[in-house]
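Trainee: Please read through the structure below; I'll follow up with questions.
Every number here is computed from the coordinates shown, using simple stated rules; none is lab data. Everything quoted here is computed from the prediction, not taken from an experiment. Because the Cβ atoms are built from the backbone with ideal geometry, glycine has one as well, and the counts that use them run over all protein chains shown.
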Amino acid sequence: MSILIVGGAGYIGSHVNKYLHRAGYDTVVVDNLCKGHIESVCCGEFFCGDIGDEAFMDRVFSSCKIEAVMHFAAYAYVGESVISPSEYYENNVIKTKLLLDSMRRNSVNNFIFSSTCATFGNATEIPITETHPQNPINPYGFTKFVVERMLYDYDNAYGLRSCIFRYFNASGADPECEIGEWHEPETHLIPIIFEAATGKRAAVSIFGTDYPTTDGTCVRDYIHVCDLAEAHKLGMERLIKTGVSENYNLGCGKGYSVRETINMASEITGVNIATIETERRKGDPPTLIGAMQKAEKLLNWKPKYSLKDSIETAWNWYVKKEKLEKK
Ligand code: UDP
């Protein structure tokens, strides 16, 4: 039996693919390569195609014995979702529904879903637990929230079981430096800092300095992509064993402001990074920090990496990728 990883050529999916492979699982990767990179698929069988293409998905399901599906094939930029909500609802909601129906047609009932802390919106209690009300404030968060609801209904009606992970800010890269974060164009804070550190951009724009936080900039909880990968393995194993759907917040329980993150990256890269203060980015809540006690208790999972580790591993990968691109 294999684990099907849709979106396995993207940032988080490619790390989960490598992690599962190392843990002895057979994996099958499906990706349409619209955002992902074939170079990031370092193991497993690969099929190029779209999760919304039912005939294609039926071919994948009939040629491989699939025990569980992990879904990473989503658009994940808050700012872009505010500008292009149609694309977000199409890709993140409609295609996920088609994927779930393909699973039903092929009698695969275990689903691991990448949701997000953006489903919580403006948090009223920090750290954010799984029972915190979900009131997303941007289309990206809404698309993930809709799928969470869909999964609840598919479980009740069709017995399709799910493990929902609400990530806080995924960061870092494979410590072996084989794969890493690779988005074109880049919008995430840490790789953008590296672009400024290497002269690819003049400065990092700090989006908003008047938030109700200690230094006025947004606070985020950065969780290393390899910690996320481990949680996926543990969550999937529990889901298969118990047959009970569950949701978990995956964060470190510690927040860093945009300024603190830039300062730490300056120390690690050894470069004094230029910044400019700009308007707030639409759709950004001031503070997102996750409680991880539920995952700790039910999955025996605890983050192993700090923000420093995330920036260091991401920097090593960034420098390696730059060298390869120059060759
Ligand atoms: N951010 C910023 N400048 C940038 C990119 C991001 O100030 O060039 C801020 C952003 O407003 C947010 C935090 O950094 O408060 C993390 O943003 P990112 O896009 O990395 O992740 P998100 O929180 O949107 O998932």
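Trainee: Quickly run through segment 287-306 and pick out the residues that are in a loop (DSSP other than H, G, I, E, B) and crowded, with 18+ Cβ neighbours inside 10 Å.
Mentor: Ile289, Ala291, Met292, Trp301, Pro303, Tyr305
Trainee: Now for a separate question. The conditions are (1) touching a residue at least 12 places away in the same chain (Cβ under 8 Å); (2) in a helix (DSSP H, G or I); (3) not hydroxyl-bearing (Ser, Thr, Tyr), and Cys177 fails exactly one of them. Which is it?
Mentor: (2)
Trainee: Within the bounds of segment 246-254, is there any residue that is charged (D, E, K, R) and under 30 Å from Arg161 (Cα atoms)?
Mentor: Taking every residue of segment 246-254 in turn, at least one turns out to be charged (D, E, K, R) and under 30 Å from Arg161 (Cα atoms).
Trainee: Right, another one. Name the single residue, out of those in segment 52-63 being surrounded by fewer than 18 Cβ atoms within 10 Å (Cβ to Cβ) and closer than 25 Å to Tyr11 by Cβ, that is farthest from the chain's Cα centre (by Cα). Quick ask: steps written out before the conclusion?
Mentor: Step one: list which residues in segment 52-63 are surrounded by fewer than 18 Cβ atoms within 10 Å (Cβ to Cβ), which gives 53-56, 58-59, 62-63.
Restricting the remaining residues to those that are closer than 25 Å to Tyr11 by Cβ gives 53, 56.
Values: Asp53: 23, Phe56: 25 Å.
Across segment 52-63, the extreme among qualifying residues is Phe56.
Trainee: Scan segment 73-129 residue by residue and report those that are part of a loop (DSSP other than H, G, I, E, B), aliphatic (A, V, I, L, M) and more than 16 Å from the ligand (Cβ to nearest atom).
Mentor: Ala73, Val108
Trainee: Name the pairs whose Cβ atoms lie under 7 Å apart, with the first residue in segment 269-282 and within 15 Å of Ile190 (Cα to Cα) and among the polar types (S, T, N, Q), the second near the ligand (Cβ under 9 Å from one of its atoms) and in a strand (DSSP E or B), and 6 or more positions between them or separate chains?
Mentor: Thr275/Val204; Thr275/Ile206
Trainee: Scan (1) closer than 25 Å to Leu20 by Cβ; (2) free of Cβ contacts under 8 Å to residues at least 40 places away in the same chain; (3) part of a helix (DSSP H, G or I) for the single condition Phe61 breaks and write down its number.
Mentor: Failed condition: (2).
Trainee: Sticking with this one: Can you name every residue in segment 188-224 that is assigned to a strand (DSSP E or B) and out of contact with any Cys (no Cβ under 8 Å at 6 or more places or on another chain)?
Mentor: Selection gives Val204, Ser205, Ile206, Val219, Arg220, His224.
Trainee: Now for a different question. Scan segment 225-281 residue by residue and report those that are among the charged types (D, E, K, R) and either more than 12 Å from the ligand (Cβ to nearest atom) or part of a loop (DSSP other than H, G, I, E, B) (or both).
Mentor: Quick first cut of segment 225-281, residues among the charged types (D, E, K, R) only: 227, 230, 233, 237-238, 241, 246, 254, 259-260, 267, 277, 279-281.
Hits for segment 225-281 are Asp227, Glu230, Lys233, Glu237, Arg238, Lys241, Glu246, Lys254, Glu267, Glu279, Arg280, Arg281.
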